[in-house]
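The values are calculated or read from the model by the stated rules, or taken from the named source; none is laboratory data. All values derive from a computational prediction rather than experimental measurement. We place every Cβ from the backbone using ideal geometry, glycine too, and count neighbours over all the protein chains shown. The protein model used for the area step is the full one, side chains on, heavy atoms only, and it has no ligands, DNA or RNA in it. Shrake-Rupley method; radii C 1.70, N 1.55, O 1.52, S 1.80 Å.
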Amino acid sequence: MNNNPLAAAVRSAFVRNVLNKPLEQTAPDTARNTIANILRNKRVCLFEQAINRFLVNCGQKPVRGTSQFADEKNLLTFSLQLSGYIRDAQKALDKLGAAQACDPDLINLYRAAAKYSADCSGRIEGSKYVFKEHCDYRFWKINNTDTLANAEFLRDGFRVNPERRNLIISMPFHIKDTQEELQSWSSKFLNDTLDNKRIFGSQVDVYLAHFPIEQPRGEKFALSLETVRNPQNHFEEVDMRFVRQHLLHFIGTDIRLDRQNRVISGQPYDAETFKENCRLTFLDYCAGGAHVHRWINAFSHVATQLYDRNTSEEALRNMFVISHAFLPVQKESKYSGAHFMSSYADDKMRKEPFIKMFNPELYEQSKYRPGTDAPARISIMPDNRNYIIALNLPEDFAVYDKQGGKQALPDLENGHHMAVITRKNANSSDNYPYRQFTTVLENASLGRRGLDVFTRRPPERLPLRLEPLAVFALRGPQRQARPGS
């Protein structure tokens, strides 16, 4: 798309990290016509053509090709760090609009980056990366008898039970399928928010979904932007496979689908049972929010073939989505939810990068604003079922280390880090973000819906100054948020 401000940032990153790096020195006696070299030249040329196609379509000058002399380690790093370059380009993000954010040319660039990453697997000497496109989600049941750092993650031998309360966590992890990795990454981002044994593991079963380490990063971002661009009905086959494997029995019994995902047999439940089955709760972070949105679209695609429109719509509203760093992509979402974000009151040249990248206009409309001592700004989407809780990110946000000392949180990314809501601020006496998030998470997981998810019950009530924010909607919406897509 012409005048996309992200193009200049991409071009600058390519020049800096690929063109200005030393080129690979090829030995004089190396045969140029070997199959390996032919394949190498082909994948390099295809990726560089995709980069130049994006630049030219956005009004930028093309970059010169490196052809067979490219150092593929640098080019692979560029393909993997594409979103990092955009994240750091605050001047470009400041000018970004909704149409430019989900520009088809940008989506195609991410797809090309994903393909290049996969094509490089096992073919670059000294590179440890192995990528594979179109991987299925990993799905685990969390058995947490102590803390997440010591939890057991079950891969097999379970079935999500519609008769139970269920929390499904969707994370943007690319990690190995080991207990150590799952424990480390889950506890790093979720900390102690699932440690309330009176709820999680007893009344509520907890599951974790993420893509495997083999998924190229470009694919994850392409999928997210495609979701933002086509939010109403878009889902991928990988999302339908997830629904088929884990959620189809929430819709009806003995359901069979053909290759076009059409129902060819199966029995619906009575309307009230189906609505109760849909009282699922999802917790997501960053691109994990796009995953959940597509799952619900895939779920809806099947459900609407078995139930009338009113029944399907009422049932899907019982699904509750709790997000951090991913805002609603529709004015009227199929589901209900509470969507947390954090930003500095003065965010000039330090905007929350990934919300701004995915949903720039809604970010600007709903972000925390200076001039008030309230810890959050609340917005209600036009559907009156989805709430945005924009938190004021303190300049001195810190956490306690293992020795009990205060330390600044590394990789805060202007509020993008999920620990902003899952760890207590060592410099805060009331810890409103943490307390409000855990309140919503626990209430929603127990099946409560509507304003009831915001109400903290005795004995753990909020200070009087903060209590009105927890039940803000009882006084009417502060404002109507308008999505940028």
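Quick look at the values:
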quantity: Span from the segment 32-79 Cα centroid across to the segment 145-224 one, whole angstrom; calculated: 37
quantity: Percent carbon-and-sulfur accessible area, the chain, ignoring ligands, DNA and RNA, probe 1.4 Å; calculated: 47
quantity: Per residue solvent-accessible surface (Å²) - segment 1-156, probe of 1.4 Å; calculated: 51
quantity: Which labelled figure in (1) 38.5, 136; (2) 23.3, 78; (3) 23.0, 74 is Rg and Dmax of the Cα atoms in Å, once derived from the coordinates; calculated: (2)
quantity: Net charge contributed by nearby residues that have their C-beta within less than 9 Å of residue 349 (K/R +1, D/E -1); calculated: +2
quantity: Solvent-accessible ranking of 351, 132, largest area first, probe 1.4 Å; calculated: 132, 351
quantity: Inter-site label distance for residue 259 and residue 155 at 7 Å from Cα along Cβ, in nm; calculated: 2.9
quantity: Segment 87-115 versus segment 256-314: alpha-carbon centroid distance in Å; calculated: 30
quantity: Å² per residue, accessible surface of segment 302-352 at 1.4 Å; calculated: 33
quantity: Accessible area, probe 1.4 Å, largest first, for residues 111, 43, 309; calculated: 309, 111, 43
quantity: Cα gyration tensor, segment 297-379 - rounded (a/c under 1.5), prolate or oblate; calculated: prolate
quantity: Percentage, to the nearest whole number, of Cα pairs in segment 373-443 over 13 Å apart; calculated: 68
quantity: Cα-Cα over 26 Å, subset of 141/197; 91/406; 188/348; 21/188; 197/402; 42/128; calculated: 91/406; 188/348; 21/188
quantity: Length-normalised contact order of segment 268-339 in % [C-alpha pairs under 8 Å, at least 6 apart]; calculated: 40
quantity: Farthest toward positive dipole pole in the chain [+1 Lys/Arg, -1 Asp/Glu at C-beta], among 366, 386, 432; calculated: 366
quantity: Gain in span if fully extended, residue 56 to residue 232, counting 0.36 nm per residue against the direct Cα distance; calculated: 60.3 nm
quantity: Hits among lysines - C-alpha to C-alpha of residue 331 under 21 Å, sequence gap 8 or more where chains match; calculated: 356, 367
quantity: Sequence-distant lysines (8 or more away, or on other chains) whose Cα lies within less than 17 Å of residue 334; calculated: 275
quantity: Charge-dipole axis of segment 87-216 as Lys and Arg at +1 and Asp and Glu at -1 on Cβ define it, positive-most pick from 178, 203, 110; calculated: 203
quantity: Three-way shape label, segment 1-160, alpha-carbon gyration tensor, a/c 1.5; calculated: oblate
quantity: Given charges at beta-carbon only (K, R positive; D, E negative), |dipole| of the chain in Debye; calculated: 680
quantity: Calculated [θ] (222 nm, deg cm²/dmol) that DSSP helices of n ≥ 4 give over the chain, each run adding -39,500 (n - 2.57); calculated: -10500 deg cm²/dmol
quantity: Segment 67-166: relative contact order in percent, alpha carbon pairs under 8 Å with at least 6 residues between; calculated: 18
quantity: FRET efficiency, residue 38 to residue 364 (Cβ-Cβ, R0 30 Å, nearest 0.05); calculated: 0.05
quantity: Environment charge of residue 55, counting only residues whose C-beta is closer than 10 Å and scoring Lys/Arg +1, Asp/Glu -1; calculated: +2
quantity: Label-point separation, residue 163 to residue 276 (7 Å along Cα→Cβ), nm; calculated: 1.1
quantity: Calculated FRET efficiency for the pair residue 202/residue 332, C-beta based, R₀ 25 Å, to 0.05; calculated: 0.10
quantity: Tensor-based shape of segment 142-250 (alpha-carbon gyration tensor, a/c under 1.5 rounded, otherwise prolate or oblate); calculated: oblate
quantity: Sequence ranges 170-178, 211-219, 139-147, ranked by mean other-Cβ count within 10 angstrom, highest first; calculated: 211-219, 170-178, 139-147
quantity: Cβ-Cβ FRET estimate between residue 408 and residue 455, R0 fixed at 25 Å, reported to 0.05; calculated: 0.15
quantity: Value of relative contact order over segment 120-175, rounded to a whole percent, pairs C-alpha under 8 Å and six or more apart; calculated: 19
